[in-house]
């Protein structure tokens, strides 16, 4: 008795096929032999791998150029942040890259900072690179926060305390003035990005900082109100502000 053949799989829509090809080119976790065999013959699969590496380098070169623009103006053109995508060390990132993920963006940022750290000896140089690294994470991360029924921090936000007056430093660099007289005024800056791609760098007031600190992905609005001993109206107001600048994600009502 012969076996009954399985019914053929329904044809994929053009959009579904395009989505799978894009995942194949940009996400190492989906770059399996099974997917490759179904989509591409061996010769085309190798071409796709080369194109994937090209896409990754182009993507991160652009974000490094935009994120590290202040340091770029202070360095030799051959040793700027965007050049790290051509380094041998970048190959290890290529092998595990998930384009737009926070993990990959952190790896690229760490490589850029390590390459640039020793190129200048200014007392504020490290802080400038930390600022640009945090900005780069906003530019290079498109990973959404998973849906939750409580307020949660956005995936790529950075809250960093600087020992120098970084806003003054950037203003001096932008105007072409010497940055040697930048004060050591400590400043804590929040880096965030909205769902639509607008990036904010803000110095939070004490109330906003307290509410952001209370958002841990577990507390409900009522829990946060109780934890901070505040009013529901005030906490809701601040949560809305933080949501508007992309620092947190509120549950869908």
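The values are calculated or read from the model by the stated rules, or taken from the named source; none is laboratory data. Computed from a predicted model, the values in this text were never measured in an experiment. Ideal geometry is used to build each Cβ from the backbone, glycine not excepted, and the neighbour counts take in all protein chains shown.
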Of (1) over 30 Å from residue 73 (Cβ atoms); (2) out of contact with any helix residue (DSSP H, G or I) (no Cβ under 8 Å at 6 or more places or on another chain), residue 176 fails just (1)
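A quick yes/no check of all residues on (1) more than 14 Å from the chain's Cα centre (by Cα); (2) not assigned by TED's automatic domain parsing to the domain that holds residue 82:
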site: 123; (1), (2): yes, no
site: 128; (1), (2): yes, no
site: 139; (1), (2): no, no
site: 188; (1), (2): yes, yes
Which condition does residue 110 not pass, out of (1) modelled with pLDDT under 95; (2) under 30 Å from residue 131 (Cβ atoms); (3) surrounded by fewer than 16 Cβ atoms within 10 Å (Cβ to Cβ), if it passes all the others?
-> (1)
Do any helices (runs of 4 or more DSSP H) entirely within segment 136-253 hold 1 or more residues that are surrounded by 16 or more Cβ atoms within 10 Å (Cβ to Cβ) and at pLDDT 95 or above, and if so, which?
-> 206-214, 221-228, 232-244
Give segment 52-95 a look and list any residue that's surrounded by fewer than 17 Cβ atoms within 10 Å (Cβ to Cβ), more than 19 Å from the chain's Cα centre (by Cα) and part of a loop (DSSP other than H, G, I, E, B), or say none.
-> 73, 74, 75, 76, 87, 88, 89
